[in-house]
Amino acid sequence: MEREEIRRLNFLLQLYIDVNVDKDFSVLSKNTDPFFILKMDGQLAYVNEVCEKLLGSTRLDLLQMSLRDIFSSLCLNATQTFFLEKGREKLTNFDSKISMMPETLMDVNVTTFPILFNEEVVGSYVVLKDISLIKRERQILSEKQAVAGQLAAGIAHEIRNPITAIKGFLQLMVGEYKGETMYFNIVESEIARIEVILKELMVLATPIKKKYEKLKISLLLDQVLALMESQVLLNNIQVEVRYNLNEETIFGDENQLKQVFINYIKNAIEAMPDGGMLLVEGSIYTADHVQIRIIDQGFGIPADIIDRISEPFYTTKENGTGLGMPVSYQIIEEHKGKINIKSSPDGTCIEVNLPVVS
């Protein structure tokens with residue numbers, strides 16, 4: 001790239017930073033996401049405080065560095081201005097190694113995506129996650145789920161026996177009763193709700209036998225939206241569907257994946273009690289992954305809650321079980337996928353990334 005062209009792009013990138021950085025980035029949190037902004041020539045243009053701590057250097061020092069000063073040369077292209085075999089024009093996610101300290105490598109997960117200014121790529125966001133921290137978080141979550149699973153199995157067993165007896169005697173009473181059955185119907189519906197909760201408990205405790213098969217993701221989403229159509233209409237929700245998918249298929253259990261997306265759409269509906277717009281997007285995320293995004297216009301999830309919603313039995317809903325989100329996390333992890341939740345007072349976006357199969 002010519003020196004004059006690099007100067008021009010760097011000028012546009014600095015304009016973008018000056019306009020956006022003080023107003024907080026629309027896609028990243030300056031306080032929680034370790035990230036830096038990269039110029040087209042491989043130099044760093046901006047570093048947030050969380051990234052300073054992760055890399056163990058001050059912002060002033062980091063702004064004097066380029067990619068080759070931070071990452072192992074095996075991860076960079078021939079010019080060492082960008083990552084090996086990665087494109088600047090699309091979002092990419094991969095594992096890499098940071099080699100800032102002599103004889104010490106840090107394993108990191110890297111997400112990069114382009115910065116567009118006047119419809120031109122002028123730089124890149126580079127988001128880092130320490131893989132050792134990711135593993136530790138998963139281990140803690142796994143331990144919590146194991147304890148919750150044992151507790152869930154015990155609770156489900158203790159509840160199921162009396163519920164079976166109540167249900168049986170209720171059916172006998174309904175058969176003999178000749179008057180108004182409205183109250184019987186209410187009791188039956190509440191028993192059915194308890195059985196649904198028990199089913200969720202048992203999924204958490206002892207995962208059911210799965211039937212994995214190739215599934216066309218756009219068809220799966222269409223079926224989920226058809227199932228939720230009545231709920232959408234009753235709650236005055238407008239649904240917009242944007243699929244940038246053709247015949248992309250995933251390998252998974254149809255019923256479990258439907259359970260996940262039904263849960264997320266149900267949560268989105270509940271977040272908009274006065275109605276609103278629900279956007280369901282499907283697109284190719286990387287060469288081997290698709291991304292499904294469910295975006296609502298609700299009141300958002302507070303920052304002190306968003307990190308806890310995957311914990312079993314944690315809920316802010318009056319009638320919630322606290323099982324929907326952890327069960328969904330568990331299902332997606334078993335399908336080798338990832339979930340990312342972004343939220344603000346203007347709404348919540350749930351991203352589900354799943355591997356595609358040929």
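Nothing in this text is a laboratory measurement; each read-out follows from the coordinates by a stated rule. Remember, it's a predicted structure, so these values are computed and weren't measured experimentally. Positions of Cβ are backbone-derived with ideal geometry, glycine not excepted, and every protein chain shown enters the neighbour counts.
As an exercise, use a Förster radius of 45 Å and the Cβ-Cβ distance of Asp18 and Ser230 to find the FRET efficiency, rounded to the nearest 0.05.
Once the sixth-power term is evaluated, E becomes 0.35.
Going down the table (Lys266/Lys338; Lys97/Lys129; Lys39/Lys86; Lys39/Lys97; Lys199/Lys338; Lys216/Lys338), which pairs top 22 Å between alpha carbons?
Lys199/Lys338
Tell me the label-point distance for the pair Asn118, Met277, using the 7 Å Cα-to-Cβ offset, in nm and rounded to one decimal.
It is 2.8 nm.
Mind checking the dipole of the stretch 212-357: about its Cα centre, +1 per Lys or Arg Cβ, -1 per Asp or Glu Cβ, Debye to the nearest 20?
With Lys and Arg at +1 and Asp and Glu at -1, about 80 debye.
Could you tell me what percent of the DSSP beta bridges with both partners in the stretch 212-357 are antiparallel, to the nearest 5?
Percentage antiparallel, nearest 5: 80.
In the neighborhood of Lys216, defined by Cβ-to-Cβ distances under 14 Å, what is the net charge if each Lys or Arg adds +1 and each Asp or Glu adds -1?
After counting each charged neighbour, the total is -3.
Would you kindly derive the ³J(HN,Hα) couplings of the stretch 273-281 from the backbone phi angles with the Karplus curve 6.51 cos²θ - 1.76 cosθ + 1.60 (θ = phi - 60°), listing them in order in whole Hz, with x for Gly and Pro?
Values, residue by residue: x, 9, x, x, 9, 10, 10, 10, 10 Hz.
Convert each backbone phi in the stretch 349-358 into a coupling constant with the Karplus relation 6.51 cos²θ - 1.76 cosθ + 1.60 (shift: θ = phi - 60°), then list the ³J(HN,Hα) values in order as whole Hz, x for Gly and Pro.
Once θ is set to phi - 60°, the couplings for the stretch 349-358 become 10, 10, 9, 10, 9, 10, x, 9, 10, 8 Hz.
Tell me, what ³J(HN,Hα) does each residue in the stretch 244-258 have, in order and in whole Hz, if you take phi through Karplus 6.51 cos²θ - 1.76 cosθ + 1.60 with θ = phi - 60° and put x for Gly and Pro?
9, 10, 10, 10, 4, 10, 10, 10, x, 8, 4, 5, 5, 5, 4
For Glu188 and Leu60, compute 0.36 nm times the residue count separating them, minus their Cα-Cα distance, and round to one decimal in nm.
39.4 nm
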